[in-house]
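One structure is given here, and the rest of the page talks about it.
The values are calculated or read from the model by the stated rules, or taken from the named source; none is laboratory data. These figures come from a predicted structure and were not determined experimentally. Positions of Cβ are generated from backbone atoms using ideal geometry, with glycine treated the same way; all protein chains shown enter the neighbour counts.
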Amino acid sequence: MKFFLKRMIPNYILETFLLYKTKPIYNYYKTDYKKKALLSYIIAPFKKDSLSHTNYFEARTWAEVLNDSEYQVDIVQYDNYPENLDLSKYNLVCGFGDMFKFYFGQTHTNATSIYYATGMHVCVQNQNSFQRLKDVYTSKGVWLSESTRFVEKTWTHQTSLSDVIIALGNEANADTYKKFHDNVYSLDAPFFNTQEYNSILESKKNNYEKHFLWFGSSGVIHKGLDLLLDYFKGRNDIFLHICGNVKNEAHFCDLYSEELFNEDNIFYHGFIDISSMQFKNILKQCAWTIFPSCSEGGAVSVLTVIGNGGLIPIITKETSVDTGYEIWIDDFSTKAINDSINVALSLSKYEIENMMKMNAEVVCKRNSLKMYKQNLKNIIDISDN
């Protein structure tokens, strides 16, 4: 159907539709505040709701906080900036994307500038992602670039010239910017709480301590799924559940088709709605979430399964997540995976139950939507004074 529409609808109509979807929104709250703020982020959350990604919530929350601080709020799409926009009228510019290049290219601008860093510094992210790509090539003899998370645009203006950087996640993310900037704040990532973790903890299924969950999105080599498939195919005593649209990365699926679809201890579930009964049942079945990613800004996928199901994180420091009750993966190798899983399997059932409860409590308190908004407001208030 999608291809049929592309063939039948003239290009100029499709282009007009796409421009409408990302058309700037001026004075979103229709206020008469004297101060003006420009938010460069994504437009979609101001046209519809979605639980598919927390960036919908984050975008709306940024706008709400700016409005609460008595700014008239304009919103532009981060990669579709209107070049004729007069940036000199703003007291605050924030977000990320093309806007920062134009802002720092204009002569008469005097706004406070805040860059919202939703991932690690691009130099770190790209280097880490390409190193993982090279690892797979060395091991398998094929390049799978579509399964990395390479950032094409460096947007150096925002990382170098902004007055303030707000880095999503813990200090591991913030530290990648502090090498180049003196005014960096870390902001705990939020997650959507759709399940009651106490109920799930009370109804865990038999042998849950042998079940591990990889819960992720695109860029599966970047997020370490290849390492887990290489490891779990030789461990019939433990089980791996995979939630995410891995089939969208066709070359990866071709290379790992045997592991993904024909191993008795590996279960591919595809994309999972986090408000569904299927998600709830997977959480009941697992004790652990395992995520050897090489670069994240707060790894919301990890937070989602901890906060909703009490899963214990087995993670790399590059996820930018910590709870105080995690098991660390030291590097990007099957040996490191093995070492961390052996730590997990050595724990008693009492220790596992206690760690699940403590992880869920930490995440539900620290990474709630309410806390995200309050913490964001505190940082913006400090930055604006």
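If Gly324 satisfies every condition in (1) over 23 Å from the mean Cα position of the chain (by Cα); (2) surrounded by fewer than 15 Cβ atoms within 10 Å (Cβ to Cβ) but one, which is the exception?
Unmet for Gly324, out of (1) over 23 Å from the mean Cα position of the chain (by Cα); (2) surrounded by fewer than 15 Cβ atoms within 10 Å (Cβ to Cβ): (1).
Which residues, taken from region 1-42, are among the hydrophobic types (A, V, I, L, M, F, W, C) and at pLDDT below 70?
As a first pass, look at region 1-42 and keep what is among the hydrophobic types (A, V, I, L, M, F, W, C): 1, 3-5, 8-9, 13-14, 17-19, 25, 37-39, 42.
Matches in region 1-42: Met1, Phe3, Phe4, Leu5, Met8, Ile9, Ile13, Leu14, Phe17, Leu18, Leu19.
Considering Val93, Val65, which residue is of a type in the set (A, V, I, L, M), within 23 Å of Thr159 (Cα to Cα) and without any contact (Cβ under 8 Å) to a residue 60 or more places away in the chain?
Answer to the selection: Val93.
If I ask for residues that are among the acidic types (Asp, Glu), farther than 18 Å from Met358 by Cβ and not in a helix (DSSP H, G or I), which ones from region 294-339 would you list? Break it down stepwise before answering.
First, pick out the residues of region 294-339 that are among the acidic types (Asp, Glu): 296, 318, 322, 326, 330-331, 339.
Next, only the ones that are farther than 18 Å from Met358 by Cβ stay: 296, 318, 330-331, 339.
Scanning region 294-339 gives Glu296, Asp330, Asp331.
Conditions (1) surrounded by 19 or more Cβ atoms within 10 Å (Cβ to Cβ); (2) farther than 30 Å from His121 by Cβ; (3) modelled with pLDDT of 95 or more, marked per residue:
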site: Glu258; (1), (2), (3): no, yes, yes
site: Cys286; (1), (2), (3): yes, yes, yes
site: Glu318; (1), (2), (3): yes, no, yes
site: Asp331; (1), (2), (3): no, no, yes
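What tally of residues in region 92-137 results from selecting those that are more than 19 Å from Gln72 (Cβ to Cβ), among the small types (Gly, Ala, Ser) and over 16 Å from the mean Cα position of the chain (by Cα)? Before you say what the answer is, go through the steps one by one.
Taking region 92-137 first, the residues more than 19 Å from Gln72 (Cβ to Cβ) are 96-98, 100-102, 104-108, 115-137.
Within this subset, residues satisfying the condition of being among the small types (Gly, Ala, Ser) are 97, 105, 117, 119, 129.
Then keep just the ones that are over 16 Å from the mean Cα position of the chain (by Cα); that gives 97, 105.
Residues meeting the conditions: 2.
Just checking, does region 178-186 include any residue being under 17 Å from the mean Cα position of the chain (by Cα) and at negative phi?
For region 178-186, residues under 17 Å from the mean Cα position of the chain (by Cα) and at negative phi: present.
Need a quick list: helices (runs of 4 or more DSSP H) entirely within region 219-274 having at least 3 residues that are under 21 Å from the mean Cα position of the chain (by Cα).
Values: elements: 225-232, 250-255, 257-261.
Correct list: 225-232.
Among the residues in region 99-121, are any crowded, with 20+ Cβ neighbours inside 10 Å, in contact (Cβ under 8 Å) with a residue 24 or more places away in the chain and touching a Pro at 6+ places or on another chain (Cβ under 7 Å)? Break it down into steps so the answer makes sense when it comes.
Filtering region 99-121 down to residues crowded, with 20+ Cβ neighbours inside 10 Å leaves 99-100, 103, 113-121.
If we keep only those that are in contact (Cβ under 8 Å) with a residue 24 or more places away in the chain too, we end up with 99-100, 103, 113-121.
Going one step further and asking which of them are touching a Pro at 6+ places or on another chain (Cβ under 7 Å), we end up with none.
No, there is no match, as no residue in region 99-121 is crowded, with 20+ Cβ neighbours inside 10 Å, in contact (Cβ under 8 Å) with a residue 24 or more places away in the chain and touching a Pro at 6+ places or on another chain (Cβ under 7 Å).
A quick yes/no check of all residues on (1) part of a helix (DSSP H, G or I); (2) basic (Lys, Arg); (3) crowded, with 18+ Cβ neighbours inside 10 Å; (4) under 21 Å from the mean Cα position of the chain (by Cα):
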site	(1), (2), (3), (4)
Ile352	yes, no, yes, no
Met356	yes, no, yes, no
Glu361	yes, no, no, yes
Cys364	yes, no, yes, yes
Leu376	yes, no, yes, yes
Ile379	yes, no, no, yes
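Evaluate the following for Phe212: is it touching a strand residue (DSSP E or B) at 6+ places or on another chain (Cβ under 6 Å) and of a type in the set (A, V, I, L, M, F, W, C)?
On the way: touching a strand residue (DSSP E or B) at 6+ places or on another chain (Cβ under 6 Å): yes; of a type in the set (A, V, I, L, M, F, W, C): yes.
Against the criterion (touching a strand residue (DSSP E or B) at 6+ places or on another chain (Cβ under 6 Å) and of a type in the set (A, V, I, L, M, F, W, C)), Phe212 qualifies.
Taking the residues in region 201-247 that are of a type in the set (D, E, K, R) and within 14 Å of Ser293 (Cα to Cα) as candidates, determine which candidate is surrounded by the fewest Cβ atoms within 10 Å (Cβ to Cβ). I'd like the intermediate steps shown before the answer.
Looking only at region 201-247, we keep the residues that are of a type in the set (D, E, K, R), and these are 202, 204-205, 209-210, 223, 226, 230, 233, 235, 237, 247.
With the extra rule that they be within 14 Å of Ser293 (Cα to Cα), the set shrinks to 223, 226.
On the way: Lys223: 30, Asp226: 25.
For region 201-247, the residue satisfying everything is Asp226.
Looking only at region 153-174, which residues are aliphatic (A, V, I, L, M) and assigned to a loop (DSSP other than H, G, I, E, B)?
Taking region 153-174 as the starting set, the residues that turn out to be aliphatic (A, V, I, L, M) are 161, 164-168, 172, 174.
Those that are aliphatic (A, V, I, L, M) and assigned to a loop (DSSP other than H, G, I, E, B): none in region 153-174.
Quick check on region 175-197: of everything there that is in contact (Cβ under 8 Å) with a residue 24 or more places away in the chain and part of a helix (DSSP H, G or I), which residue is nearest to Ile312 (Cα to Cα)?
Ranking the qualifying residues of region 175-197, first place goes to Tyr197.
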